[in-house]
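S.K.: Can you read through this structure? Questions will come right after.
The values are calculated or read from the model by the stated rules, or taken from the named source; none is laboratory data. These numbers were taken from a predicted model, which means no experiment stands behind them. Glycine also receives a Cβ, built like all others from the backbone with ideal geometry; neighbour counts cover every protein chain displayed. Ligands, DNA and RNA are stripped out before the accessible areas are found, and what is left, the full protein with its side chains, is counted by its heavy atoms. Shrake-Rupley method; radii C 1.70, N 1.55, O 1.52, S 1.80 Å.
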Amino acid sequence: MTDVAIAAAGAAWEPQALAAVDQAPHLRLARRCVDVSELLAVVRTGAASVALVDPALPGLDIDVVRELTSAGAAVAACGDTAAAAALGIARRPDPTQLGQVDWAEPVPVPGPPPPPSTGADDRSAGRVLVVWGPAGAPGRSTLALALASALAGLGQRPALVDADVAGGTLAQQLGVLDDLSGILASCRAAGNGRVHEVDGHLVEVEPGLDLLTGIPRADLWPHLRVGALGTVLDRLRSDHAHVVVDVGSGLDLDGTVGRSRHALTRHLVEEADDLVVVGRADPVGLSRLVRGLAELREVVPGPPSAVVVNLAGTGPGWSEREVAETVRRLAGRAPDLFLPADPATLHAAMMHGRSPGAAAPASPFVGQVRELVATLRLDDR
């Protein structure tokens, strides 16, 4: 017997579906759910193995479909087939023929529809570069911004995404005063199948550099869902050579994977094409960097693309060679690059709402960031 939960929000096809379930000897109605929360609860408890939904159900998005599928339900939709496809629902049966469906047959879940081609460029999808570092303000946001600016200076037209679940700071650093969070609006649109709206939430903060602003407060992190943001990044990859993502520090899942505060950060770190790790040069920062690299090995099978030590010259008087040897001995990986302490450049950039490269293109800090771009071969695209 196959148990079916229906969440149709009063759609016109619901009476037909109920009749079809009632007439099929191998189907049984488990629950008529009034909303997404009830549907998820029914599926998670094992009371239903089929979730039949209407694409217009309030709260239904790509991540809810992922959760239903992960809980073992066969997800199907009646009604607007285009909207169902945009949500990644492959089963779209006739509501009068539910008894004829093989619910046990695996159905591939398609991704969101590809963005329309402009015909201007046939290059492959861009790469996602994630900048991660342990807690303690090692300079993740500053480095992400500097890398994106350097790529823009090379004509790469990168997108810079503020995905820090602790609250974004890139908008403030760049003097973007728009009250609307770009990442929240983009995730909401993508989660509801309107991925084409993502482009409208980008802000050009420098010539060739597009920014997707972050969440203004840490308590908004539940609105950043893995599936929706993945769709947003895929959209950005379609017309940017690089997507540079600034993330938070936490990697532990502290609860259910799909609802953990740090699930998004962990997913981005796991899925990055290029992963840059940054730590501070002071004793506490280096200790956290060593522990962070050990924690990272439990999450990502391969080594990071680069390890960077920031604020070099402000530590306990050790030379760069001594710091490199200490990190190598304790973490098994020596830093690839040292970023010099350059408070004048960073202060000027912050005060004028510009990237370090735009504020002081000849500064030592900016020069080392360009060296990092060359080390990662990001300028080859």
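S.K.: What do you reckon, how do R28, R288 stack up by accessible area (1.4 Å probe), largest on top?
M.R.: R28, R288
S.K.: Where both partners of a DSSP beta bridge lie in the chain, what percent of those bridges are antiparallel, to the nearest 5?
M.R.: Around 5 percent of the beta bridges assigned by DSSP in the chain are antiparallel ones.
S.K.: In a Gaussian network model over the chain where Cα atoms closer than 10 Å are linked, find which of R225, R321, R140 has the largest mean-square fluctuation.
M.R.: Sorting by GNM fluctuation, first place goes to R321.
S.K.: Mind checking which of G139, G167, A359 is farthest towards the positive end of the chain's charge dipole, using Cβ charges of +1 (Lys, Arg) and -1 (Asp, Glu) about the Cα centre?
M.R.: After comparing all options, I get G139.
S.K.: Once neighbouring chains are kept in place and the probe is 1.4 Å, which whole percent of the accessible area of the chain is contributed by carbon and sulfur?
M.R.: Carbon plus sulfur share of accessible area: 52 percent.
S.K.: Further, regarding this structure: Karplus couplings for the stretch 43-52 from phi (6.51 cos²θ - 1.76 cosθ + 1.60, θ = phi - 60°), rounded to Hz, Gly and Pro as x?
M.R.: 5, 4, 7, x, 6, 9, 10, 10, 10, 9
S.K.: Check V161: other-chain or 5+ apart residues with amide H under 5 Å from its amide H, H built from backbone geometry?
M.R.: L212, V244, V245, D246
S.K.: Shifting gears a bit: Considering the dipole of the chain built from charges on the beta carbon (Lys and Arg +1, Asp and Glu -1) around the Cα centre, which of H196, A341, S149 is farthest to its positive end?
M.R.: A341
S.K.: Alpha carbon centre of the stretch 330-349 versus the stretch 173-194: separation in Å?
M.R.: 30 Å
S.K.: Next question, about the same structure. By average Cβ neighbour count within 10 Å, what is the ranking of 296-304, 184-192, 164-172 from highest down?
M.R.: 184-192, 164-172, 296-304
S.K.: Let's see if you can work this out: charge +1 on each Lys and Arg Cβ, -1 on each Asp and Glu Cβ, no other charges. What is the dipole magnitude of the chain about its Cα centre, in debye to the nearest 20?
M.R.: 680 debye
S.K.: Still on this structure, I have one more. Using the Karplus equation 6.51 cos²θ - 1.76 cosθ + 1.60 (θ = phi - 60°), what ³J(HN,Hα) coupling, rounded to whole Hz, does each residue of the stretch 266-277 give in order, writing x for Gly and Pro?
M.R.: Per-residue couplings from phi come out as 4, 4, 5, 5, 5, 9, 4, 6, 10, 10, 10, 9 Hz.
S.K.: If DNA, RNA and ligands are ignored and the probe is 1.4 Å, what is the ranking of R44, R354, R266 by accessible area, most exposed first?
M.R.: R44, R354, R266
S.K.: Answer rounded, prolate or oblate for the stretch 266-319, using the Cα gyration tensor with square roots of eigenvalues a ≥ b ≥ c: rounded when a/c is under 1.5, else prolate when a/b is larger than b/c, else oblate.
M.R.: Prolate, because a/c is 1.5 or more and a/b exceeds b/c.
S.K.: Here is a follow-up. Would you calculate, for the chain, the mean residue ellipticity at 222 nm contributed by helices, counting each DSSP H stretch of 4 or more residues as -39,500 (n - 2.57) and dividing by all residues, to the nearest 500?
M.R.: Dividing the helical sum by the residues of the chain leaves -10500 deg cm²/dmol.
S.K.: If a/c stays under 1.5 just call it rounded; otherwise compare a/b with b/c (prolate if a/b is bigger, oblate if not). Do that for the stretch 321-363, with a ≥ b ≥ c from the square roots of the Cα gyration tensor eigenvalues.
M.R.: prolate
S.K.: Just the number please: accessible area per residue for the chain, 1.4 Å probe, all protein chains included, in Å².
M.R.: About 44 Å² of surface per residue is accessible.
S.K.: A further question on this structure: Is the shape of the chain best called rounded, prolate or oblate, per the rule: a/c under 1.5 gives rounded, else a/b larger than b/c gives prolate, else oblate, with a ≥ b ≥ c the square roots of the Cα gyration tensor eigenvalues?
M.R.: Because a/c hits 1.5 or more and a/b exceeds b/c, the chain counts as prolate.
S.K.: Sticking with this structure for a sec: Round to the nearest 10 and give me the degree value, 0 to 90, for the angle of helix 226-237's Cα axis relative to the longest principal axis of the chain.
M.R.: The angle comes out near 60 degrees.
S.K.: While we're here: Among A56, A12, H26, which residue has its Cα furthest toward the positive end of the charge dipole of the stretch 1-68, with +1 on Lys/Arg Cβ and -1 on Asp/Glu Cβ?
M.R.: Projecting each Cα onto the dipole axis, the largest value belongs to H26.
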